[in-house]
Amino acid sequence: MKIRTALILCAGFGKRLNPLTQKIPKPLLKLNNKTMLENCINLIMKLGIKNILLNTFHLEKQIFEYTKKKKFKANIRIISDGKKILNTGGGLLNLINNSSDDNYIIFNPDTLWNEKYIYEINKMEKFYFSRKLNNILLTVNKKLSFDENFTGDFNLSKNLLNKKDNKDFIYIGCQILNKRLFEKNRLENFSISEIWNKLLVNNELNGFESTSKFYHLTNLKIFNKLKDL
């Protein structure tokens, strides 16, 4: 891949998975004897990316200790949100401020990532650079979601996302963004959806379709179902 640095969002409270996440941060919950974070890091390394930045806030000491103990072969740096949680947008800006790259691939460890995504993500990255884009989101038709309660976030037409009509496509937790998108933002609590919404207004939010079955750690009910697979 051309992209040299991956960002992982690990700061959230994971309240929909209480009481589990009152004692364990959501990225460290296990499925198939592997943490969600390990699945995510393994995929990133298989994509050929060696530099990983991840943010922390809730139960952050456990994530520090976990990554130190696992001794991943990647170069992993942990950046704390600080005294107050920064949400997805502020958390990403804080990570970007700690790197000199221009383009980043960003992951949510809530998704059960696997090797099937490697081909799709490589294709998405080639599309991103060939079209000289500054953003692209990996999405899937909600029919492919293990959690049937997902209502969908967007429509996808000719690799452009919009929020009209049925919203058949779900953002699955992988995107590529250029740091210029954050130039007008201050380091504070804000959602990445604020940047997406500005792009949507100008018909400039890009999407790429995944055809893989989508498994997402949505809540306690889904977590228990996934454990039984």
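Would you mind computing, in nm to one decimal, how far apart the modelled labels at Ile118 and Lys163 are, each placed 7 Å from Cα along Cα→Cβ?
For the pair Ile118/Lys163, the computed spacing is 3.7 nm.
Rank by packing, highest mean first: peptides 55-62, 202-209, with packing defined as the count of other Cβ atoms within 10 Å averaged across residues.
55-62, 202-209
To make sure I understand, if each residue's beta carbon is the centre and we count other beta carbons within 10 Å, what order do Val201, Val140 fall in, fewest to most? Don't skip to the answer; put the middle values down first.
Details: Val201 9, Val140 25.
By the 10 Å Cβ count, ascending: Val201, Val140.
Using the structure shown, select from Lys30/Lys225; Lys132/Lys167; Lys26/Lys167 the pairs with a Cα to Cα distance greater than 18 angstrom.
Table pairs above 18 Å Cα-Cα are Lys132/Lys167; Lys26/Lys167.
5 Å is the cut-off here: which amide hydrogens, built 1.01 Å from N in the peptide plane, fall below it relative to Ser99, excluding neighbours closer than 5 in sequence?
The list, which skips near neighbours in sequence, is empty: none.
Taking the number of other C-beta atoms within 10 Å as the exposure measure, put Thr21, Thr151 in order starting with the fewest.
Thr151, Thr21
Just to confirm a number: summing +1 for Lys and Arg and -1 for Asp and Glu over residues other than Arg4 whose beta-carbon lies under 12 angstrom from that of Arg4, what do you get?
-1
Work through the residues other than Tyr104 whose Cβ is under 10 Å from its Cβ and net out their charges, Lys, Arg +1 and Asp, Glu -1.
0
What is the percent of Cα-Cα separations in the range 5-227 that go past 31 Å?
15 percent
Quick one: 3J(HN,Hα) in Hz for the range 172-186, Karplus 6.51/-1.76/1.60 with θ = phi - 60°, rounded, Gly and Pro as x.
Once rounded to whole Hz, the list reads 9, x, 9, 8, 10, 10, 9, 4, 4, 5, 9, 4, 9, 9, 9.
When the label point is put 7 Å from the Cα of Asn202 along its Cα-to-beta-carbon vector, which residues of the range 128-145 have a backbone N closer than 15 Å?
Hits in the range 128-145 for Asn202 at 15 Å: 132-136.
By count of other Cβ within 10 Å, fewest leading, how are Ser145, Ser130 ordered? Before the final figure, lay out each step's value.
On the way: Ser145 18, Ser130 8.
If I rank by nearby Cβ atoms, fewest first, I get Ser130, Ser145.
Here, each number is a calculation from the coordinates, and none is a lab measurement. This is a predicted model, so every value here is computed, not measured. Reconstructed Cβ throughout: ideal geometry from the backbone, glycine too, with neighbour counts over all protein chains shown.
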